[in-house]
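Working notes, beginning with the structure itself.
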Amino acid sequence: MRIAGQVSIDDIPKVCPLVSRAANPQYGERGTRVVVVAGVRFGGERPVVIGGPCAVESHGQTVGLAHAVKRAGADMLRGGAYKPRTSPHDFQGSGLEGLCILSVARQETGLPIVTEVMDPRMVGEVARVADMLQVGSRNMHNYALLAEVGRAGKPILLKRGMSASLCEWLGAAEYIAKQGNLDIVLCERGIRGFPSGEYSRYVLDLNVIPAAKMLTFLPVVVDPSHATGVSAMVEPASRAALEMGSHGLLIEVADLVFGEPKCDGLQAIDSATLGRIVSFAREKQAVSSQESGVRSTEGIQPTPALNATVA
Ligand code: PEP
Ligand code: MN
């Protein structure tokens, strides 16, 4: 039986010709497009670790955490100035003031910043500060926003919709790519399953990491914080994600000296735990470089017009 609107994995090269591995043979079976964000390389041998608060709440909290994230050895700072909240009555982020705070945090620590943009009308404003624009899980299907961020001239962290299939996720990436921007990093952040909310917030879909890598050459990272919703699960989930081939991690960090976080405090880890995760990521990198030797990718030519680097 044929059903309207159904897309299968076999259709990916046709549906997503810009981001599909099969439609871009220059990447071969294992090549990854390296996405560079202010000198930080996603998709190379070295997993990228991003840490920071769920939300930018104040200057002291975000700049203080940025220093802690830097000391822990992480590569980038995260933090939402605009927050997608279930209730419109809850804290929605600190907006433009939050963007200014992020900019100070980068100035003081040198850490590149990733922050979420929710509204197509705000893309320019957010892109002025962010080194990388985050499209959140709830907006993965927002095609107007995807097109707008695709035109912003910044790398994109594209979170998987909480109920999105792999085909839908890659379709969302294709919307960004269609605007001429292939600097896209996919981020698995947990999907809704029947036990969601019983013992964890979502179900961390580790299997999607190798599956996505088979179907696309874009780097794939994991957010173990939203996937689990439980701070004690974040460290083992981070290790598991790296074992499954994740190119990096996006992790929420808090410190009670700055007060109880306004959102997602129960899933935040402290900077000492972040430090252990960074050490694991660095050991993992050392082992995988030894195992693969120098996996030469020099011969793989990126599509010239798109000016890609391949690892
Ligand atoms: C976030 O990373 O700040 C966030 C809101 O995550 P998600 O979109 O995955 O829920
Ligand atoms: Mn959060």
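Taken together, Arg189, Arg160 contain a single residue that is among the charged types (D, E, K, R) and touching a His at 6+ places or on another chain (Cβ under 6 Å), which is Arg189. Scanning the stretch 16-47 for residues that are open to solvent by 70 Å² or more (accessible area, probe 1.4 Å), under 25 Å from Ser165 (Cβ atoms) and not in a loop (DSSP other than H, G, I, E, B) yields a single hit, Pro25. Residue-level analysis places Val222 outside the set of residues that are of a type outside the set (Asp, Glu), surrounded by fewer than 16 Cβ atoms within 10 Å (Cβ to Cβ), modelled with pLDDT of 95 or more and within 16 Å of ligand 2 (Cβ to nearest atom).
Residue by residue, here is whether (1) over 23 Å from Glu174 (Cα atoms); (2) modelled with pLDDT of 95 or more; (3) among the aliphatic types (A, V, I, L, M) holds:
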site: Leu18; (1), (2), (3): no, yes, yes
site: Pro25; (1), (2), (3): no, yes, no
site: Thr32; (1), (2), (3): no, yes, no
site: Gly43; (1), (2), (3): no, yes, no
site: Val49; (1), (2), (3): yes, yes, yes
site: Gly52; (1), (2), (3): yes, yes, no
site: Gly60; (1), (2), (3): yes, yes, no
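Listed by position, the helices (runs of 4 or more DSSP H) enclosed by the stretch 182-258 that each have at least 1 residues that are within 25 Å of Val63 (Cβ to Cβ) are 224-228, 231-243. Of the strands (runs of 3 or more DSSP E) entirely within the stretch 69-147, those holding at least 3 residues that are away from ligand 2 (no atom under 14 Å from the Cβ) and at pLDDT 95 or above occupy 132-135.
Listed conditions (1) of a type outside the set (Lys, Arg); (2) crowded, with 24+ Cβ neighbours inside 10 Å; (3) in contact with a His (Cβ under 9 Å, 6 or more places away or on another chain) are all met by Leu77, apart from (3). For the stretch 225-240, the condition holds for at least one residue, the condition being that it is under 25 Å from Arg21 (Cβ atoms), over 13 Å from the mean Cα position of the chain (by Cα), more than 16 Å from ligand 2 (Cβ to nearest atom) and surrounded by fewer than 19 Cβ atoms within 10 Å (Cβ to Cβ).
The values are calculated or read from the model by the stated rules, or taken from the named source; none is laboratory data. Small disclaimer: the values here were computed from a predicted structure and weren't measured. Cβ coordinates were reconstructed from backbone atoms using ideal geometry, including for glycine residues, and neighbour counts include every protein chain displayed. Accessible surface areas use protein heavy atoms only, side chains included; no ligands, DNA or RNA. Shrake-Rupley method; radii C 1.70, N 1.55, O 1.52, S 1.80 Å.
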